[in-house]
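Q: Can you read through this structure? Questions will come right after.
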Amino acid sequence: MLIRALTIRQPFAELILRGEKRAECRTWLTDYRGLLAVHAAQLLDRDALRRYPHLDPDGLALGAIVGIVRLTDVRRRRDQFRWLLADPIRLPEPLPCRGRLSLWTASLNLPNLP
């Protein structure tokens, strides 16, 4: 299946999959709504990681699609856009692949998605 994907640095990709982060801020708008693959970037945001001591940096996948969320809405917030995310699903195993800027299309073999 082809699915839109968004690359997000860790630990934020993990927080999204845990349901602890339900929005992602971007400087650009999209009209897309629907399923969105969460791709964990190659780089770890170590400064951000300090704010989340409950996360083990060695356990965070990098450079892989780690889950699926539903992009339900995008709202303007000051000079950014707040992408509202719902229904996170963690993949059984991370799927290694290169990320890209902006929304991109990934090909995944994922049966039984809602």
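Q: Taking only Cα atoms and a 10 Å spring cutoff, compute GNM fluctuations for the chain and point out the largest among VAL66, VAL38, VAL74.
A: Comparing VAL66, VAL38, VAL74 in a Gaussian network model of the chain, the most mobile one is VAL74.
Q: Okay, next question. Give, rounded to the nearest 20 debye, the magnitude of the charge dipole that the chain has about its Cα centre when Lys and Arg contribute +1 at Cβ and Asp and Glu contribute -1 at Cβ.
A: Details: 19 positive and 12 negative charges, 95 e Å.
Charge dipole, the chain, about its Cα centre: 460 debye, nearest 20.
Q: Work out from phi, with θ = phi - 60° and the Karplus expression 6.51 cos²θ - 1.76 cosθ + 1.60, the ³J(HN,Hα) of each residue of segment 48-61, listed in order in whole Hz, and give x for Gly and Pro.
A: Those phi angles translate into 5, 4, 4, 7, 10, x, 6, 9, 8, x, 6, x, 8, 5 Hz.
Q: Continuing with the same structure: Quick one: among ILE65, ILE16, ILE89, which has the greatest mean-square fluctuation in a GNM of the chain with alpha-carbon springs under 10 angstrom?
A: Sorting by GNM fluctuation, first place goes to ILE89.
Q: How big is the Cα convex hull of segment 2-101 in projection, averaged over all directions, in nm²? Don't jump to the answer; show the numbers that get you there.
A: Values: hull surface 25.8 nm².
Result: a mean projected hull area of 6.5 nm².
Q: Once you keep just the Cα pairs under 8 angstrom separated by 6 or more residues, what percentage relative contact order results for the chain?
A: Relative contact order, the chain: 37 percent.
Q: Any chance you could run the full-extension gain for ARG75 through CYS25? It's 0.36 nm times the residue separation minus the Cα-Cα distance, nm to one decimal. Before the final figure, lay out the partial values.
A: Details: separation 50, 0.36 × 50 = 18.00 nm, distance 0.95 nm.
The ARG75-CYS25 span can extend by a further 17.1 nm.
Q: Take the chain, connect every pair of alpha-carbon atoms lying under 10 Å apart with a spring to form a Gaussian network, then pick out the residue of ARG18, ARG78, ARG100 with the largest mean-square fluctuation.
A: Comparing ARG18, ARG78, ARG100 in a Gaussian network model of the chain, the most mobile one is ARG78.
Q: What are the equivalent ellipsoid semi-axes of segment 1-56, built from the alpha-carbon gyration tensor (square roots of five times its eigenvalues), in whole angstrom, biggest first? Write out the running numbers ahead of the final one.
A: Values: eigenvalues 98, 29, 25 Å².
So the equivalent ellipsoid measures 22, 12, 11 Å along its semi-axes.
Any read-out appearing in this document is the output of simple, stated calculations on the displayed coordinates, not a laboratory observation. This one's a predicted model, so the numbers in the text were calculated from it and none came from an experiment. As a convention, Cβ positions derive from the backbone with ideal geometry for all residues, glycine included, and neighbour counts pool all protein chains shown.
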